[in-house]
Structures are given as structure tokens and as C-alpha cells.
Amino acid sequence: MRLLIMGPPGAGKGTQAKAISANYEIPAISTGDMFRANVAQGTPLGLEAKRIMDEGGYVGDDITNGIVADRLAEADAQQGFLLDGYPRTTAQVAALDEMLGEHSLDGVIALQADTDEVVRRLRLRAEQEGRSDDTEDAIRVRQQVYADQTQPLLDVYRERGLLIEVDGLGEIDAVSTRIFEALTSLADNGPERVH
Ligand code: AMP
């Protein structure tokens, strides 16, 4: 399966991506994790990405598309994958379409979460994990950037009949179960019938 998980920052994408990845034995490919790894290693890309991430903006499309293309070319991604946090802009959608060619995405999971709840979760995570991109200002900027640049992508995938909307609130396991049920329905009936 070639899947994508989307949702506002703090909706629990990363957590659910790990559960989906384990359940379907496909790699979860997170651009955020790849950027954080570069930051941790102090690579030139990491130095550039850190500044942008700390401010809450998006890393440039060319850089982002490049790291995803390299990652999708690796052996473990040939039998399927779950993209987490990519694409985030319409230019990235076009780049991904080109990378995937005829075997495009099979489904797009849209995790839905209320903004107040999402901001509360992000504050908690900032405290627990000490993530430098989770300052109060950055949290607000990231929500706005998501609304402006990434939310419109939901319509793109809805129009393609790929969107699977899942309520992201509640216990982690309960949300995972909702996602697995939706994906089982997807495998049985195709994306149009999942809603
Ligand atoms: P995430 O862990 O997915 O929330 O990503 C953390 C940060 O990495 C984002 O706030 C962006 O600064 C950057 N980032 C991750 N994925 C992308 C992407 N697809 N395009 C641009 N920037 C990204």
C-alpha cells in the first residue's frame, strides 16, 4: 500500500504513522524526522532546516522533494510506504505525482483534530520532548502555515477520491483502530466507499 497521512500539526500524525507502519509492515517516511536527523547531525541541510523549523515555516520545496525522492528510491519503499508530513504544498503534490508515476497513492488518511486540542497537545509535547520548534509563537505560525498551504491539499485528494477522514481525537489505540478499519474498508472496496 502506498499511503499518506495528513493532519494539522499536533493531530497525532507521527504516533499514528508508527502504528500503521508496524501493522502493515511498510516504512513510515517522515520528512520532519528526516529534517530533525539532519539537524542532530549538524549537516548543512540541518543548519538551514533548523532555522526554518524553529520559526514554524516550511523548508523549501526543492530540498524537501529531493530528500523524499532519495528516500522513496530505497529498497524498503518498493513494497509500499506511508508518507507522514509530505506533501505539504501543491508544488510537493506535483513533485510526488511525478515520482510515483502510474503507481500513485492508494489512500490519504486525514486525521481531524480541533485547533484548541491540537495547541494543547503541542504545548505538552514541547515540555515533554524539549522540541525547539514547539515554542508558543512557532506553534501559532505552524497552524497558520498548515491552514494556508497544506489544508487545500485535502481538497485535491478528495477530488481524486483518495481521502479517508478519521477523527483524531481520543485514545491513541482507539484512533489507530479507526484508521485500520478505514484501511480495511479501502482494501475491500476502494477509497470512494470508505466515508
Ligand atoms: P513535522 O514533524 O512533520 O511536524 O515537521 C516538522 C517541521 O519540519 C515542519 O514544521 C517544517 O518546518 C519541516 N517540514 C516537515 N515536512 C515538511 C515538508 N513536507 N515541507 C516543508 N517543510 C517540512
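List of remarks:
- Per-residue [θ]222 nm for the chain (sum of -39500 (n - 2.57) over DSSP H runs n ≥ 4, rounded to 500): -17500 deg cm²/dmol
- When peptides 160-168, 178-186 are ranked by their average number of other Cβ atoms within 10 Å per residue, the highest-first order is 160-168, 178-186.
- Surface share of carbon and sulfur [accessible, 1.4 angstrom probe, percent] for the stretch 1-48: 55
- The stretch 56-126, accessible surface, carbon-and-sulfur percent (1.4 angstrom probe): 47
- Amide H to amide H distances under 5 Å link GLU165 with ALA110, where only residues 5 or more positions off or on other chains count and H is placed in the peptide plane.
- Cβ-Cβ distance of GLN41 and GLU159, R₀ of 41 Å, FRET efficiency by 1/(1 + (r/R0)^6): the value works out to about 0.55.
- For the chain: accessible area per residue (Å², 1.4 Å): 50
- Computed from label points 7 Å out along Cα-Cβ, the spacing between LEU169 and ARG123 is 1.7 nm.
- Selected from LEU186, ALA138, THR90, residue furthest toward positive end of dipole (the chain; charges at beta carbon): ALA138
- Unit charges on C-beta of K, R, D, E only; dipole of the stretch 101-192, Debye: 220
- Between GLN78 and GLU25, the modelled label-to-label distance comes to 1.6 nm, taking each label 7 Å out from Cα in the direction of the beta carbon.
- Mean-position separation - Cα centroids, the stretch 111-150 and the stretch 1-46, in angstrom: 16
The values are calculated or read from the model by the stated rules, or taken from the named source; none is laboratory data. If you're wondering where the values come from, they're calculated on a predicted model, not measured in any experiment. Ideal geometry is used to build each Cβ from the backbone, glycine not excepted, and the neighbour counts take in all protein chains shown. Please note that ligands, DNA and RNA were not included when accessible areas were found on the heavy atoms of the full protein model with its side chains. Shrake-Rupley method; radii C 1.70, N 1.55, O 1.52, S 1.80 Å.
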